[in-house]
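Reviewing the structure listed below.
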Amino acid sequence: MKIHFAAKTLEEYLNQLSGKEPVPGGGSAAAFTAALGAGLVSMVTNYSIGRKANTKAIDKKLNTILKQSEVIRKRLLELTSLDSDAYLQLTAARSLDQKAQHQASKEARRVPLEVCNLCYKALDLTPFLVAQGNPYLLSDVQVAVELLMAGFNGAIIMVRINSWVQKY
């Protein structure tokens, strides 16, 4: 089953998240939270490019940050759905043999591990924004960091639980 949450409105996603349905769940919410953080990194970068105080080197670095943050944001949005796909495969594998269960558990850990990795990469972009970005948007950088940390922490919880589930 292929799920595509990106095609839903925020209200539709939140209604489904809050309902009595197996997906989306914590892993999807962690990926979406991280995508919001990466989106703020992109927004701050967009407002920082081309400022009068910038040198060409600063604008070049900001353009690089923007490209990186957009790749990260888009992938995190994809992972919002892929986490739910992996969870549904994990639950379907419960009635299958050990090998299938192991493979489903491995995939269920792979998705949140990727979320963690992307959060780390996005967080690594923020110090330059603090130092050289638009100073009026420092609070947005701080919120981005908090969202990325929340996404990372939520995803690592999913890695742990999906590792534990495999044992039982």
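The values are calculated or read from the model by the stated rules, or taken from the named source; none is laboratory data. Fair warning: this is a prediction, and the values are worked out from it, not measured in the lab. Positions of Cβ are generated from backbone atoms using ideal geometry, with glycine treated the same way; all protein chains shown enter the neighbour counts.
Tabulated data
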quantity: Of all residues making up the range 9-43, the number that are of a type in the set (S, T, N, Q) and crowded, with 16+ Cβ neighbours inside 10 Å; calculated: 4
quantity: Checklist (1) farther than 30 Å from Ser163 by Cβ; (2) modelled with pLDDT of 95 or more applied to Phe152, failing item; calculated: (1)
quantity: Members of the range 84-110 that are closer than 21 Å to Lys74 by Cβ and either surrounded by fewer than 23 Cβ atoms within 10 Å (Cβ to Cβ) or at pLDDT 95 or above (or both); calculated: Asp85, Glu107, Arg110
quantity: Every residue from the range 61-105 that is over 26 Å from Leu147 (Cα atoms) and either touching a residue at least 60 places away in the same chain (Cβ under 8 Å) or basic (Lys, Arg) (or both); calculated: Leu90, Thr91, Arg94, Lys99, Gln101, His102, Ser105
quantity: Failed item in (1) modelled with pLDDT of 95 or more; (2) within 25 Å of Val159 (Cα to Cα); (3) buried (at least 17 other Cβ atoms within 10 Å of the Cβ), with Leu113 passing the rest; calculated: (3)
quantity: Some residue of the range 49-56 being closer than 30 Å to Pro127 by Cβ and assigned to a helix (DSSP H, G or I); calculated: yes
quantity: Unique residue being in contact (Cβ under 8 Å) with a residue 60 or more places away in the chain, closer than 19 Å to Val44 by Cα and part of a helix (DSSP H, G or I) when the list is Val115, Val111, Val143; calculated: Val143
